[in-house]
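Below is one structure, written out as structure tokens, with a few remarks after it.
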Number of protein chains: 2
Amino acid sequence: MRMSKLYLPTLREVPSEAEIPSHQLLLRAGMMRKLVSGVYSYLPLGYRVIRKIEQIVREEMDAAGSQELLMSAIQPKELWEASGRWDNFGPEMFKLKDRNEREFCLGPTHEEYFTNLIKDEVKSYKQLPLNLYQIQTKYRDEKRPRFGLIRSREFIMKDAYSYDKDLEGLEESYKIMWEAYEKVFNRLKIYYKVVQGDTGAMGGKVSHEFMAMSEVGEGLVAYCDSCDYAATDEKAAVVYNIDGQDIEELDCEKVYTPNARTIEDIAAFFNRGEEGFAKTLIYNAKDEIAVVVLPGNRELNEVKLCNYLGIAEHELELADEETVKKVTGAEVGFAGPIGLKEEVKLLVDERITKMKNFIVGANETDYHIKNVNYGRDFKGEVVEDLLLIEKGDICPRCGEKLKMDRGIEVGNIFQLGTKYSESLDATYLDENGKEKPFVMGSYGIGVSRSMSAIVEQYHDDNGIIWPLVVAPYHVIVTVVNIKNEDQMNLGEKIYSYLEDRGLEALIDDRNERAGVKFKDRDLIGIPIRITVGKRAGENIVEYSLRSSDDKIEIDVDEIMDRIEEEFEKEGLKIN
Amino acid sequence: MRMSKLYLPTLREVPSEAEIPSHQLLLRAGMMRKLVSGVYSYLPLGYRVIRKIEQIVREEMDAAGSQELLMSAIQPKELWEASGRWDNFGPEMFKLKDRNEREFCLGPTHEEYFTNLIKDEVKSYKQLPLNLYQIQTKYRDEKRPRFGLIRSREFIMKDAYSYDKDLEGLEESYKIMWEAYEKVFNRLKIYYKVVQGDTGAMGGKVSHEFMAMSEVGEGLVAYCDSCDYAATDEKAAVVYNIDGQDIEELDCEKVYTPNARTIEDIAAFFNRGEEGFAKTLIYNAKDEIAVVVLPGNRELNEVKLCNYLGIAEHELELADEETVKKVTGAEVGFAGPIGLKEEVKLLVDERITKMKNFIVGANETDYHIKNVNYGRDFKGEVVEDLLLIEKGDICPRCGEKLKMDRGIEVGNIFQLGTKYSESLDATYLDENGKEKPFVMGSYGIGVSRSMSAIVEQYHDDNGIIWPLVVAPYHVIVTVVNIKNEDQMNLGEKIYSYLEDRGLEALIDDRNERAGVKFKDRDLIGIPIRITVGKRAGENIVEYSLRSSDDKIEIDVDEIMDRIEEEFEKEGLKIN
């Protein structure tokens, strides 16, 4: 492709809305453009990358025995009502009506649809296992679209669904998908961790997330270097033990604590560490009020709370001031588990039951109570673990200290079980002619999000550094001065030679200053660079890689050897 | 691919909702499934065909210098308001709101969006011409979705947009696209005609449609075998001359015509041909009532009427009974141009002005008026041509008789001019630094519709007959009896041999009766067939083509030669 013709609107300025490198660079390098919040177009170079990612996903899915098809994006309400997700999915679902007032959604995912598709056409155990996938545009009306393609509202996803006879079959299908995902992300050169995930709204018990490790990731991963434990912060079990159970229980005492509302204020007031307090949080949880008590030095894991309550995440929100006042009879900042004024669901993290003589809010403005003890002074539903994991917590598997890092969720796999097949009445006949629900798994890969993840992992101050396997073009031939006949002729010669050899090549034949060309080439991140400059007359060009500062002068005859070497190094073949 | 694993739910019965062969066969052959009216999923075999069509379109678009990108499907209201199409597009546009009540549509086409994309980034004449395309899912909420993929509500389309400096540039871009389209449809083996189309709601003056000729087509094509004139029935200029101008004008006479309401009734009553009458039609046309008078033996062309009135097609509808009564003061069936009771727009096809002593409704129940003459008895706005073309009409170019055939519109090309660039304020700076609006063209190919068109042109009573170039697989190896070891071994050997040679092969290794296998193979239409049967032990197989009844026995060593010959015949290469 000639850069003089290429639609490549690069930007010198960093767009103000872009907070993270991938978002900035994909915009600056003319790979994509925003239409409205969370909605993007892929420009020619960016779309080439997308298509390469898709192709790798496709090849590995095919190799794993999954079959590609394509569903519609619009789906009728009835399908989602059957599974209970029409309301449950919440405001993230785009909904619309057709000209006859029939209700539809734009598919955020396709469990219902696939299950509905096969339910009348797969009837026998002999047709199982079955694994189907699609690469498709998905829709989620995110509350806070951000980070470009990482959290967008229209995005490209590969979603697959497996149907098995039984749990054993599902586990095998799950393993096959897991391995296929490893191959995909390895080929994409993404540095990732596979971590236990929360199954929450999807249903099922087992799930894993493939996290592209990155400091800008929205997900937190707790992992152990001593064993292979790794889990999202939402999922990770917190091993946090309370010592000192033998202390004598002292008498409760109400204490005047003017102007001390935050845990820090009160800790300072009482001159005691935060672990000596119990935090009381008040939530609207669907149809009831949930009051949660947990150690003052720890944070609540809202996902664990939702799972315990059996509600969707969008159904949980911190109570507003008015509700807090009604429930506690006091200003905000003095909530506690003793003497609540309303009927609430009082949930107590199990660790609270082991704490002694702790301090809580008094449900009275400007007062706290000290020397509170669970059982004696209040009771609630004790929940095993409502805490959010923290760096330095202990690995639940081996007992070593956990590390925490951020990651971008680029893939997820779920053992769904029979949730969807039962609700949609999707059954097969087993060996004995008995009707049974399919045992199902679902498997997603964020295609457009993976593009962002790759840029997060492969860039420097000057731009993107595409891995060869997904680069929009393999090679760029930069003609330093197109008015110099030697340079232009040699550039053209090399360009057509490379194209003839099956390489995807760009030639920078624009009438621009060399500096502009070098800057753009760094920005768009083409891996292999050939610079045709002053020594063109001698058939000498400069050869360099985007990923390295090294530059060498070589004879044009050497070009192909160098490039082949590079492909080999990456484990790739030239077409 | 092994058919024992392939997700291929074929149907023996013809689905009741499917009226035409392509719709029936694509369902029966397990290529697609309906979700709701006008919304389909492509199953594995069907999606392979779709992807092959897409790839051919892509290659020819790339070769023509167009650059691929991908826009979002959701588009904000503001874009469409700027062009005036938010309301104008009518109920065919799917509209929705996001969680913040912002309004969007699901793109039925992308003129506004592309123009908006480039307007801030293409600033100089040096960057022109520019041609961009995408292959994308489009949405139109059709009033009557039908014929499967031919008129569906979610469909796959290639849409391209060209930007030029001036009309001359546009004409050149238009020609390049025209030629690319010819290459696409030639490669797809579609028998088509390029016909003049109506530009109507799109704007601009010149457009052409690529019609896949088929008796089930919704479009009518008028064409001339003597010259190369061809136009859609909506567009075709009607050359229909009235003779006998020298007849004396007789006096009007009101005639009692009880129970004669239709043109046939009245013609019988007066014992006169339909050409002796003037038809009067009453329409609601946006904000006014349009009354149209035309020769009794001809039909109205509603598109011509809309174009004349400057309204969208969905804004025109035949008046209901109540309106007719109000306008005419009579029961339905007695409308005429004389003595209308309401303020209306009275439009008169020019041919009416040349007719003498014709008969019209009297605007009085059970009465007509004879010996009516334009000018003397009534006047209206004379419109040059409001008639629908008919078989036997005269070619407007060469005067020979026109033929009429049906076609499926698989492609269209429009010279749009500056309609969108002006309304969206999209300009470039010309050689003299003067700001000018882009001169624009737009170009569509119905990808999913093309699949249906191919099936319409390539099928027989037993199923689809895919042209090799788009066939889901090239070859099918049918093992007649999988329990026979010789047959199974040879079948497997041939299957892996073919796959190794770069062919896309199916092996029918299902435990089914031979009859079922042969029926399915006919139904799904794989072009090249190898039947491994009784003579497997001698390395003899049967070779046949789906497109022919011939069957020959050949030695397995000959297989590849035969297949290569077939590829060569089709102008194709094996990968």
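Which of the residues belonging to the range B:459-491 are under 36 Å from the mean Cα position of the chain (by Cα) and among the hydroxyl-bearing types (S, T, Y)?
Matches in the range B:459-491: B:Y473 only.
Residue by residue, here is whether (1) assigned to a strand (DSSP E or B); (2) over 30 Å from B:L45 (Cβ atoms) holds:
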position: B:I369; (1), (2): yes, yes
position: B:D385; (1), (2): no, yes
position: B:V410; (1), (2): yes, no
position: B:E422; (1), (2): no, yes
position: B:S448; (1), (2): no, no
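Restricting attention to the range A:117-166, which residues are acidic (D, E) and either surrounded by fewer than 22 Cβ atoms within 10 Å (Cβ to Cβ) or closer than 16 Å to A:G107 by Cα (or both)?
Correct list: A:D120, A:E121, A:D141, A:E142, A:E154, A:D159, A:D166.
Assuming A:M61 fulfils every condition listed in (1) outside any loop (DSSP other than H, G, I, E, B); (2) within 11 Å of chain B (Cβ to nearest Cβ); (3) farther than 26 Å from A:D509 by Cβ apart from one, which condition is it?
Unmet condition: (2).
Tell me whether the range A:45-53 contains one or more residues that are within 8 Å of chain B (Cβ to nearest Cβ), under 25 Å from A:A212 (Cα atoms), in a loop (DSSP other than H, G, I, E, B) and open to solvent by less than 10 Å² (accessible area, probe 1.4 Å).
No, the range A:45-53 has no match at all.
Residues in the range A:77-92: is at least one in the same structural domain as A:L424 (by TED's automatic domain parsing), modelled with pLDDT under 95, in a loop (DSSP other than H, G, I, E, B) and not basic (K, R)?
yes
Can you tell me how many residues within the range B:68-89 are within 11 Å of another protein chain (Cβ to nearest Cβ) and in contact with a Lys or Arg (Cβ under 8 Å, 6 or more places away or on another chain)?
Result for the range B:68-89: 5.
Return the residues of the range A:133-159 that are within 9 Å of chain B (Cβ to nearest Cβ) and over 13 Å from A:S37 (Cβ atoms); say none if nothing qualifies.
Residues satisfying the conditions are A:Q134, A:Q136, A:T137, A:Y139, A:I156.
Quickly run through the range A:96-117 and pick out the residues that are more than 8 Å from chain B (Cβ to nearest Cβ), more than 27 Å from A:T199 (Cβ to Cβ) and of a type outside the set (D, E, K, R).
Result: A:N100, single match.
Condition first: facing another protein chain (nearest Cβ under 7 Å) and outside any loop (DSSP other than H, G, I, E, B). Now tell me which residues in the range A:31-44 satisfy that.
Residues satisfying the conditions are A:R33, A:L35, A:V36, A:V39, A:Y40, A:S41, A:Y42, A:P44.
Within the range A:181-196, how many residues turn out to be touching a Gly at 6+ places or on another chain (Cβ under 9 Å), closer than 18 Å to A:M157 by Cβ and open to solvent by less than 20 Å² (accessible area, probe 1.4 Å)?
Total satisfying the criteria: 3.
In this structure, does A:A212 turn out to be modelled with pLDDT of 95 or more and not in a helix (DSSP H, G or I)?
yes
Only residues in the range A:113-134 that are in contact (Cβ under 8 Å) with a residue 60 or more places away in the chain count as the first member; pair them with residues that are open to solvent by 10 Å² or more (accessible area, probe 1.4 Å) and among the basic types (K, R), Cβ under 7 angstrom, at least 6 apart or cross-chain, and list the lot.
Between residues of the range A:113-134 that are in contact (Cβ under 8 Å) with a residue 60 or more places away in the chain and residues that are open to solvent by 10 Å² or more (accessible area, probe 1.4 Å) and among the basic types (K, R), the close pairs are A:Y125/A:K165; A:L128/A:K165.
Would you pick out the residues in the range A:9-29 that are closer than 30 Å to A:D500 by Cβ and touching a helix residue (DSSP H, G or I) at 6+ places or on another chain (Cβ under 6 Å)?
Of everything in the range A:9-29, those that are closer than 30 Å to A:D500 by Cβ and touching a helix residue (DSSP H, G or I) at 6+ places or on another chain (Cβ under 6 Å) turn out to be A:T10, A:A29.
Name, by its number, the condition in (1) touching a helix residue (DSSP H, G or I) at 6+ places or on another chain (Cβ under 7 Å); (2) among the acidic types (D, E); (3) open to solvent by less than 10 Å² (accessible area, probe 1.4 Å) that does not hold for B:D520.
It is condition (1) that B:D520 fails.
Looking at the range B:490-508, can you tell me whether even one residue there is closer than 24 Å to B:Q24 by Cα, buried (at least 21 other Cβ atoms within 10 Å of the Cβ) and either of a type in the set (K, R) or at pLDDT below 95 (or both)?
no
Considering each residue of the range A:215-235, count those that are outside any strand (DSSP E or B) and within 26 Å of A:E111 (Cα to Cα), and give that number.
Going through the range A:215-235 one residue at a time, the tally reaches 4.
Residues checked against (1) charged (D, E, K, R); (2) assigned by TED's automatic domain parsing to the domain that holds A:L506; (3) more than 15 Å from A:E492 (Cα to Cα):
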residue	(1), (2), (3)
A:I528	no, yes, yes
A:G537	no, yes, no
A:I540	no, yes, no
A:E558	yes, yes, yes
A:D561	yes, yes, yes
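If you check every pair at least six apart or on different chains, which have Cβ atoms under 8 Å apart with a residue in the range B:261-272 that is without any contact (Cβ under 8 Å) to a residue 40 or more places away in the chain first and a residue that is open to solvent by 80 Å² or more (accessible area, probe 1.4 Å) second?
Pairs that qualify, where the first residue is without any contact (Cβ under 8 Å) to a residue 40 or more places away in the chain and the partner is open to solvent by 80 Å² or more (accessible area, probe 1.4 Å), are B:D265/B:N259.
Which residue, of A:E409, A:E400, A:E435, is at pLDDT 95 or above, over 23 Å from A:Q134 (Cα atoms) and of a type in the set (D, E)? If you could, list the steps in order and put the result at the bottom.
Working: A:E409 fails: over 23 Å from A:Q134 (Cα atoms); A:E400 fails: at pLDDT 95 or above.
Every option except A:E435 fails the conditions.
The values are calculated or read from the model by the stated rules, or taken from the named source; none is laboratory data. The structure presented is a predicted model; accordingly, all values stated were derived computationally and were not measured. All Cβ positions, even for glycine, are placed from backbone atoms using ideal geometry, and neighbour counts span all protein chains on display. All accessible areas refer to the heavy atoms of the entire protein, side chains included, with ligands and DNA or RNA removed. Shrake-Rupley method; radii C 1.70, N 1.55, O 1.52, S 1.80 Å.
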